[in-house]
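Colleague: Got a structure for you, questions after.
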């Protein structure tokens, strides 16, 4: 397995330090605080460690404080309920003696029932699309060196946006974004791992969709953004080492907050998961 992906899997492995208490490492991906997807993925891993023979079908989380990338995170899992069909877990992430995040997750025994789903958007497939890192040099030359390193760094994921990203454009556009993604190498056949990885991935670019109608980019440096809450629903089996289309849209922005919704489809059009996130969006006056 390629080292970058192996390191991500290691990041999602937690050390058990007591009954239902786990500790995880942090990674600096170039942002000033712990990436929210990391905390989501690790919290779901912690909950998974306490459940047997049931699959997570939903999670609802709140980000309470910024995470410190230089310190480990402790995950305290409350075994809230184990019923005949469903189990519920509450997870609190703690750093420096204070909660930075909490999450409730629900698990269900496999069961058959009614079936319907939203149709996959009619967009081009991943073949022929450029990776997110392939930003033209004339655009990279306009951003600060630290941001340039963040944009062009090697990632454990292939991410191919359907709509080209133009950091120089300030034109408003529809609050819709589509990105094809998959890991850069094959993964073990562990459905728990694939769900935790999808939770990790689901925080990429989601709330940024709410800035598109305003012609703003986080990369411009005058937009403050932070995740406030995050929810996911897992509908059907999937693999993160195979292409998934992440379709995002923002139905609302108001009160210095933006709401974004996301759906994950396979290339065959199967809806496997959905996500929702509200985030803080503050715009500082231009220096011009």
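Colleague: Out of all Cα-Cα pairs in segment 1-144, roughly what percent, to the nearest whole number, are more than 22 Å apart?
Modeller: Details: 5574 of 10296 pairs.
Roughly 54 percent, rounded to a whole number.
Colleague: What's log10 of I(q)/I(0) for segment 30-86 at q = 0.12, 0.21, 0.24, 0.27 Å⁻¹, Debye sum over Cα points only, no solvent?
Modeller: -0.36, -0.90, -1.09, -1.28
Colleague: Still on this structure, please answer the following. What percent of all Cα-Cα pairs in segment 179-254 falls into each 5 Å bin, going from 0 up to the bin containing the maximum distance?
Modeller: Cα pair-distance distribution for segment 179-254, in percent: 3, 12, 23, 21, 16, 12, 9, 4, 1.
Colleague: Taking the highest mean first, how do the peptides 97-105, 171-179, 186-194, 115-123 order by number of other beta carbon atoms within 10 angstrom per residue?
Modeller: 97-105, 171-179, 186-194, 115-123
Colleague: Follow-up question, since we're still on this one. Using 1/(1 + (r/R0)^6) with R0 = 30 angstrom and r between the beta carbons of residue 29 and residue 114, what's the FRET efficiency to the nearest 0.05?
Modeller: That gives a FRET efficiency of 0.15.
Colleague: What value, in deg cm²/dmol to 500, does the helix sum -39500 (n - 2.57) over DSSP H runs of n ≥ 4 give at 222 nm once divided by the residues of the chain?
Modeller: On the way: 5 runs with 45 residues, N = 288.
Mean residue ellipticity at 222 nm (helix-derived): -4500 deg cm²/dmol.
Colleague: Please give, to one decimal in nm, the separation of the simple spin-label points placed at residue 65 and residue 52, each 7 Å out from Cα toward the Cβ.
Modeller: Going from the residue 65 label point to the residue 52 one covers 3.6 nm.
Colleague: Need the full-extension length gain, residue 242 to residue 163, defined as separation in residues times 0.36 nm minus the C-alpha distance. One decimal, nm.
Modeller: 26.4 nm
Colleague: Which order do the peptides 63-71, 275-283, 202-210 take when ranked by the mean count of other beta-carbon atoms within 10 Å per residue, highest first? Please report the intermediate quantities before stating the final value.
Modeller: On the way: 63-71: 15.3, 275-283: 19.2, 202-210: 23.3.
Put in order of decreasing packing, that is 202-210, 275-283, 63-71.
Colleague: Among 21, 94, 165, which one moves the most in a GNM of the chain with springs linking Cα atoms closer than 10 Å?
Modeller: 165
Colleague: Normalising by the residue count of segment 29-95, find the relative contact order in percent from Cα pairs under 8 Å and 6+ residues apart.
Modeller: Numbers: 65 pairs, mean separation 23.6, N = 67.
With pairs under 8 Å counted, the relative contact order is 35 percent.
Colleague: To check my understanding: the extent here is largest minus smallest coordinate of the Cα atoms along each principal axis. What are those three numbers for the chain, in Å, largest first?
Modeller: 59, 45, 42
Colleague: Hey, with R₀ at 51 Å, roughly what FRET efficiency would residue 21 and residue 171 work out to, going by the Cβ-Cβ distance, to 0.05? Write out the running numbers ahead of the final one.
Modeller: Details: r = 50 Å, r/R0 = 0.97.
Efficiency, from the Cβ-Cβ distance: 0.55.
Colleague: Quick one: plug the Kirkwood hydrodynamic radius of segment 64-131 (C-alpha pairs) into Stokes-Einstein at 25 °C, 0.890 mPa s, and report D in µm²/s. Display every interim value, and only then the final one.
Modeller: Details: Rh = 16.3 Å.
Here the translational diffusion coefficient equals 150 µm²/s.
Colleague: Could you state the angle between the C-alpha long axis of helix 191-201 and the longest principal axis of the C-alpha atoms of the chain, as a value from 0 to 90 degrees rounded to the nearest 10?
Modeller: 30 degrees
Colleague: From Cα pairs below 8 angstrom and at least 6 apart in sequence, can you work out the relative contact order of the chain, rounded to a whole percent? Intermediate values should be presented prior to the final figure.
Modeller: On the way: 602 pairs, mean separation 51.3, N = 288.
Dividing the mean separation by the residue count of the chain yields 18 percent.
Colleague: Please report the orientation-averaged projected area of segment 156-288, defined via the convex hull of its C-alpha atoms, in nm². Could the numbers behind the result be given before it?
Modeller: Numbers: hull surface 33.8 nm².
Its Cα hull, projected and averaged over all orientations, spans 8.5 nm².
A short reminder: the numbers here are calculations on the coordinates, not readings from a lab. This is a predicted model, so every value here is computed, not measured. Cβ: placed from backbone, ideal geometry, glycine included. Neighbour counts: every protein chain shown.
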